[in-house]
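The structure under discussion appears below in the form of structure tokens.
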Amino acid sequence: MWDEQFEELLRRYLPFLSPEDPIEGDTRLRDFGLDSLGMVELLAQLEAAYDVRFVDDALTLETFETPDVLWKTLQSFK
């Protein structure tokens, strides 16, 4: 499971997810409003917050498919 900071950042880019709704590992992020601009902004926020750099190969729609995939990708750069 991910940490609180990750969930807080993620929630900022999911406008269709209500504050009381939990984020499940298999939640489809695009279904809750994550669009291409949001992906770029979220990427920048994650890189700054976790002091990592996403490699070009990780910049795919699949990386931003679900919180689980995104978290695992982020952790692979630490």
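Just a few scattered comments:
- Residues considered: Leu14, Leu46. Of these, the only one that is touching a residue at least 40 places away in the same chain (Cβ under 8 Å) and either within 14 Å of Thr73 (Cα to Cα) or in contact with a helix residue (DSSP H, G or I) (Cβ under 7 Å, 6 or more places away or on another chain) (or both) is Leu46.
- Taken as a whole, the structure leaves Val69 outside the set of residues that are loosely packed, with under 15 Cβ neighbours inside 10 Å and β-branched (Val, Ile, Thr).
- Of all residues in region 13-27, none are part of a helix (DSSP H, G or I) and touching a Phe, Trp or Tyr at 6+ places or on another chain (Cβ under 8 Å).
- Test: residue in region 49-60 that is touching a Leu at 6+ places or on another chain (Cβ under 7 Å), assigned to a helix (DSSP H, G or I) and surrounded by 11 or more Cβ atoms within 10 Å (Cβ to Cβ): yes
- Output for region 28-48, where each listed residue is in a helix (DSSP H, G or I) and charged (D, E, K, R): Arg30, Asp31, Glu41, Glu47
- Identity of the residue in region 25-78, of a type in the set (Phe, Trp, Tyr) and within 9 Å of the chain's Cα centre (by Cα), that ends up farthest from Glu8 (Cα to Cα): Phe64
- The test for being touching a Phe, Trp or Tyr at 6+ places or on another chain (Cβ under 6 Å), hydrophobic (A, V, I, L, M, F, W, C) and surrounded by 17 or more Cβ atoms within 10 Å (Cβ to Cβ) holds for Leu42.
Every number here is computed from the coordinates shown, using simple stated rules; none is lab data. The shown structure was predicted, so the numbers you read here are calculated from the model rather than taken from an experiment. Every residue, glycine among them, receives a Cβ derived from its backbone with ideal geometry; neighbour counts consider all protein chains shown.
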